[in-house]
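*Asks:* Dropping a structure here in structure tokens format, bear with me for questions.
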Amino acid sequence: GSKEQRLADFYRSACDIASRNEGGVSPVKKYLSLYENAANLNQLLDADIAVFKRTGNACLLTFALQTDGNGNPSFLHLGPRPLNADVYRTKAGKNTYVKYLSTLFALAGNSKEEAARRAETVYSFEKELADCALSADRMANPDNVIPYPLYLFRTLYPGINFEDYFAR
């Protein structure tokens, strides 16, 4: 039960790929079902908040705290967007990512054909987001950050009550 023992156990479990693969999608199914059962935007955001509270990761609206060169904090909005827009800018990136997505969909129980179809659908949607995203090097440059006061930021997402979202 010590911190060291828990860390060692965690490391061993992360290295045990055979056991993880045997479990398939079951460990994350409860999180996926929250998204799948959402019938509208508010329920989708509720699902994302619930997943964030349980895992520390949100998928839809990504935020981070950062400081400028003078130590002044700001709240940085990162998405929704693909993690690295550069993946969508090459044919090799597409092929590798679509293959990876197909594998995930197949592991989740979809037929090979359905997994490939879903992978292409996800890729196409994410590519649309990536087409208007900055490249990784431009994203890392603080000069490319666009500051918005909250009252103006809210206009970018008129269907979301951010006061409630952030409070939860």
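*Asks:* Are any residues in segment 1-11 surrounded by 10 or more Cβ atoms within 10 Å (Cβ to Cβ) and not aromatic (F, W, Y), and if so, which ones? Break it down into steps so the answer makes sense when it comes.
*Replies:* Here is the first cut: in segment 1-11, the residues surrounded by 10 or more Cβ atoms within 10 Å (Cβ to Cβ) are 6-11.
R6, L7, A8, D9 - these are the residues of segment 1-11 that are surrounded by 10 or more Cβ atoms within 10 Å (Cβ to Cβ) and not aromatic (F, W, Y).
*Asks:* Which of the numbered conditions does D16 fail, given that it passes all the others? Conditions: (1) within 30 Å of I146 (Cα to Cα); (2) of a type outside the set (F, W, Y); (3) open to solvent by less than 70 Å² (accessible area, probe 1.4 Å).
*Replies:* In the conditions (1) within 30 Å of I146 (Cα to Cα); (2) of a type outside the set (F, W, Y); (3) open to solvent by less than 70 Å² (accessible area, probe 1.4 Å), D16 misses (1) alone.
*Asks:* Residue by residue through segment 123-168, note down the ones that are among the aliphatic types (A, V, I, L, M) and either touching a residue at least 60 places away in the same chain (Cβ under 8 Å) or open to solvent by 60 Å² or more (accessible area, probe 1.4 Å) (or both). Reasoning before the result, please.
*Replies:* First, the residues of segment 123-168 that are among the aliphatic types (A, V, I, L, M): 129-130, 133-134, 136, 139-140, 145-146, 150, 152, 156, 160, 167.
Of everything in segment 123-168, those that are among the aliphatic types (A, V, I, L, M) and either touching a residue at least 60 places away in the same chain (Cβ under 8 Å) or open to solvent by 60 Å² or more (accessible area, probe 1.4 Å) (or both) turn out to be M139, A140, V145, I146, L150, L152, L156, I160, A167.
*Asks:* Scan segment 25-53 residue by residue and report those that are of a type outside the set (A, V, I, L, M) and within 22 Å of G159 (Cβ to Cβ). Steps first, answer last, please.
*Replies:* Let us first name the residues in segment 25-53 that are of a type outside the set (A, V, I, L, M), namely 26-27, 29-31, 33, 35-37, 40, 42-43, 46, 48, 52-53.
The answer is Y35, E36, N37, N40, N42, Q43, D46, D48, F52, K53.
*Asks:* Listed residues V98, V51; which is more than 21 Å from R168 (Cα to Cα) and touching a helix residue (DSSP H, G or I) at 6+ places or on another chain (Cβ under 6 Å)?
*Replies:* Numbers: V51 fails: more than 21 Å from R168 (Cα to Cα).
Within the list V98, V51, the selection yields V98.
*Asks:* Moving on. Kindly check whether there is at least one residue in segment 73-85 that is open to solvent by 50 Å² or more (accessible area, probe 1.4 Å), farther than 30 Å from S19 by Cβ and at pLDDT 85 or above.
*Replies:* No; the residues of segment 73-85 include none that is open to solvent by 50 Å² or more (accessible area, probe 1.4 Å), farther than 30 Å from S19 by Cβ and at pLDDT 85 or above.
*Asks:* Return only the number of the condition from (1) closer than 30 Å to D68 by Cβ; (2) touching a residue at least 12 places away in the same chain (Cβ under 8 Å); (3) open to solvent by 50 Å² or more (accessible area, probe 1.4 Å) that E120 does not satisfy.
*Replies:* Of (1) closer than 30 Å to D68 by Cβ; (2) touching a residue at least 12 places away in the same chain (Cβ under 8 Å); (3) open to solvent by 50 Å² or more (accessible area, probe 1.4 Å), only one is false for E120: (1).
*Asks:* So in segment 98-117, with the set limited to residues that are of a type in the set (S, T, Y) and open to solvent by 50 Å² or more (accessible area, probe 1.4 Å), which one is farthest from the chain's Cα centre (by Cα)?
*Replies:* Going through segment 98-117, the residues of a type in the set (S, T, Y) turn out to be 100, 102-103, 111.
In the following step, the residues that additionally are open to solvent by 50 Å² or more (accessible area, probe 1.4 Å) were identified as 100, 103, 111.
Values: Y100: 16, T103: 18, S111: 24 Å.
Per the criteria, the residue is S111.
The values are calculated or read from the model by the stated rules, or taken from the named source; none is laboratory data. Only a predicted model underlies this, so the values are computations on that prediction, with no experimental measurement involved. Using ideal geometry, Cβ is built from the backbone for each residue, glycine included, and neighbour counts are taken over all protein chains shown. Side chains included, ligands, DNA and RNA excluded: accessible areas come from the protein's heavy atoms. Shrake-Rupley method; radii C 1.70, N 1.55, O 1.52, S 1.80 Å.
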